[in-house]
Amino acid sequence: MNNLEVYSLLKFNRFNNLILQFFYKLSAITIMIKSLIPNFITLLNLVCGCFSIAFAFQFQFDAVLILVLLGVFLDYLDGLMARLLNAESNFGKQLDSLSDIITSGVVPGIVVYQLFKLSGNKVIDFDLNAYLSPILDLDLVFSISPIAFIAFLITVGSAARLAKFNTIDYTDEFEGLPTPANALFFVSLPILMDHIYLVDSKQYLLNNTTLVILTISSVILMNVPFRLFSFRLSFRKYDYNIFKILMIVLSIPIILIFGLGGFSLVIILYLFLNVIRNLWSLI
């Protein structure tokens with residue numbers, strides 16, 4: 001082999017290496033973009049939760065519900081995109097739970113806290129100046145309603161539920177009420193209370209006893225090993241598909257009649273159908 005042939009061969013090999021490096025980098029960029037898409041959707045869910053908090057403190061419950069609905073949709077979409085793009089990762093899983101604790105944990109806690117305030121609870125003033133004035137030159141007087149802080153048990157229960165969710169692979173079923181469903185129940189509750197059909201019942205819904213019972217019940221339902229169906233159609237359990245289809249069919253007239261506030265009733269329907277389904281499975 002003469003020098004010219006050696007030179008041509010080396011040049012050809014160098015060209016091949018450049019082509020291989022180009023496709024390797026292109027592949028790496030493609031993988032990075034594929035992983036960014038579901039994570040970006042997850043962050044949009046987090047943004048919805050942050051905006052919801054701002055509106056909840058202003059008692060703008062309509063805006064809160066719309067943003068939480070959008071957040072729940074994005075929570076479903078990020079998982080779907082991760083599976084379609086084969087971009088599932090532990091980072092994405094943790095980011096999803098961190099976003100959910102805001103949208104589906106903190107937001108409903110604040111909404112129920114605001115409902116406690118609207119129910120006319122006694123406000124207590126805590127004056128910390130006597131204790132801190134020798135140290136800090138600040139005017140520290142807090143006006144709070146102690147019983148209202150029970151609402152944040154929802155946030156605590158949601159955090160425990162999401163931590164458990166990260167350790168279990170769910171397919172056709174959930175164990176315990178999913179945090180997005182729990183959030184939808186509470187953020188739509190204020191709107192349901194103002195519906196013309198329930199306006200006379202508002203005094204029974206907007207009181208300490210009812211709010212405490214609903215709060216504690218939600219924490220229990222999220223964390224007990226109670227089997228609930230997911231909305232993925234199963235080709236192995238045809239009987240379970242009947243309950244899923246029935247859930248969708250019955251939800252439509254509820255939303256048409258009660259509007260966005262009807263999501264609270266839809267979640268109650270979801271729990272009721274799962275009780276029937278679990279009893280059905282024992283027969």
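Every number in this text was worked out from the coordinates using simple rules, so none of it is lab data. These numbers were taken from a predicted model, which means no experiment stands behind them. FYI the Cβ positions are ideal-geometry reconstructions off the backbone, even for glycines, and counts take in every protein chain you see.
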**Study point:** For the stretch 98-108, Karplus couplings with θ = phi - 60° (6.51, -1.76, 1.60), whole Hz, Gly/Pro x
**Key:** 5, 5, 5, 5, 7, 5, 10, x, 5, 4, x
Check your understanding: For the pair H195 and I276, what calculated FRET efficiency results from E = 1/(1 + (r/R0)^6), where r is the Cβ-Cβ distance and R0 = 45 Å, to the nearest 0.05?
Key -> 0.95
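Most exposed first by the Cβ proxy, i.e. fewest other Cβ within 10 Å, how do F263, F243 rank? Spell out each step's value before the answer.
Details: F263 27, F243 16.
Least to most surrounded, the residues fall as F243, F263.
Using the number of other C-beta atoms within 10 angstrom as an exposure proxy, rank F186, F59 with the fewest first.
So the ranking, lowest neighbour count to highest, is F59, F186.
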Study note, to complete from the structure: Ranked on Cβ counts within 10 Å of their own Cβ, fewest leading, T215, T167, T103, T209 go T167, T209, T215, T103
Revision key, fill the gap. So for R0 = 41 Å, FRET eff. of T209-N86 from the Cβ-Cβ r, to 0.05, ends up at 0.25
Point to revise | Links that overshoot a 24 Å alpha carbon limit, given the list K117/K202; K202/K244; K34/K93 | key: K202/K244
Exercise for review: Quick one: net charge around T215, please, counting Lys, Arg +1 and Asp, Glu -1 for every other residue with C-beta under 15 Å from its C-beta.
Suggested key: +2
Check your understanding: Which residues' amide hydrogens lie under 5 Å from the amide hydrogen of E173, considering only partners 5 or more residues apart or on another chain, with H built in the peptide plane?
Key -> S230
Review point. How many nm separate the modelled label positions at F149 and I216, each set 7 Å beyond the Cα in the direction of the Cβ?
Key: 1.8
